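So the structure is just underneath, and the comments pick up after that.
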Amino acid sequence: MVVELTQGSGRDEQSRSRIGVLLLHGLTGMPSEMRPVARHLERLGYRVAVPLLPGHGGGHKELLATGWKDWLRGSQEALDKLASECDRVFVGGLSMGSSLAVLLAADNPRVDGLVMLSTTLRYDAPAHSRLYLLLPLIDVCPILGNWFYWTEKPPYGLMDLRLQKMITRAVEAAQRGENTEFGLFRTYSGSLRQMSHLVKQVRKHASNVSCPVLILHSLDDTLTTVANAVDIYHMLGSREKQVILMSGCDHVLTLDLKKNEVARHIAEFIGRVSGSQPAGSEPGAVA
């Protein structure tokens, strides 16, 4: 169901400027993957922060030099800064970012709401499940984490053919030695092992989350099945929580074909929980 947004009063717009939204990207991702949602929320008057997580934005060596504690620290610092500027704050994340968001919400009573997109407790799609069997070996021999990697291939967690082609061209350019945003599109097993340690913390602390929660997941996700969304729903201690299952899009909900619908769901959730009615937005207005 798509919720149509209506024009709010000037007073509502002023109140929304005191509401902050922290958006966290996924493993090997960039803030740009959260840009469509961020722009939509900013147009509605919310203050939005989309930090670059530690170790990200460079090559695999920089990422392998960090772990889940570094990613959580970076997320916490961004939340602290946003909370110092706003009266109320919401946190949301895509894939691994949703796990970080859970830990922030579990340990911080200032978090008024939690949004989880493409929850990734495990990459349980058939094409990726075998790699996970090797991850425990990294604890015994850490150097393996720098050797073995998973190379992302089409559809790259996207149904949007235009984006698929753009990424493929960028990866081919990287293979020729050119510098591109996506690089070689590899995820090293060392980083995946750190993510599994992060998920272990999520399983341990999810019951401490008490704020309202919105969970969005695609039925067509080629990386993580709907079982991830169902499992986290039952783990969370919140009384008010909702799972919305979508179709016609893949794992990267914030960039894919249903990004407009995703952004509207998030805006409606924040507006309802915070008591601020979002301003109007024409369908398709998400950039």
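We did not get these values from a lab; they are worked out from the coordinates using the rules stated. Small disclaimer: the values here were computed from a predicted structure and weren't measured. Glycine also receives a Cβ, built like all others from the backbone with ideal geometry; neighbour counts cover every protein chain displayed.
Below are the figures for this structure:
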{"quantity": "Under 5 Å, built H, 5+ apart or other chain: amide partners of K241", "calculated": "V213"}
{"quantity": "Efficiency of FRET from Cβ geometry, D87 and K153, R₀ 45 Å, rounded to 0.05", "calculated": "0.50"}
{"quantity": "Approximate spin-label separation R203-M30, in nm, with each point projected 7 Å along Cα-to-Cβ", "calculated": "3.4 nm"}
{"quantity": "³J(HN,Hα), Karplus 6.51/-1.76/1.60, whole Hz, each residue of segment 24-36, x for Gly, Pro", "calculated": "10, 6, x, 5, 6, x, 9, x, 4, 6, 9, 4, x"}
{"quantity": "Simple spin-label estimate for N108 and R239 in nanometres, 7 Å along Cα-Cβ", "calculated": "2.4 nm"}
{"quantity": "Amide H contacts under 5 Å for Y188, placed H, 5+ residues apart", "calculated": "W150"}
{"quantity": "Selection of GluC sites (Glu not before Pro), segment 168-246, meeting DSSP coil and at most 15 other Cβ within 10 Å", "calculated": "E178, E181, E240"}
{"quantity": "Backbone N under 13 Å from the S247 label point (7 Å along Cα→Cβ), restricted to segment 215-231", "calculated": "218-221"}
{"quantity": "Candidate lysines - alpha carbon under 20 Å from K258, same-chain residues fewer than 8 apart omitted", "calculated": "K165"}
{"quantity": "Of K153/K200; K69/K204; K69/K241; K200/K259; K200/K241; K61/K153, pairs whose Cα-Cα distance is over 24 Å", "calculated": "K153/K200; K69/K241; K200/K259"}
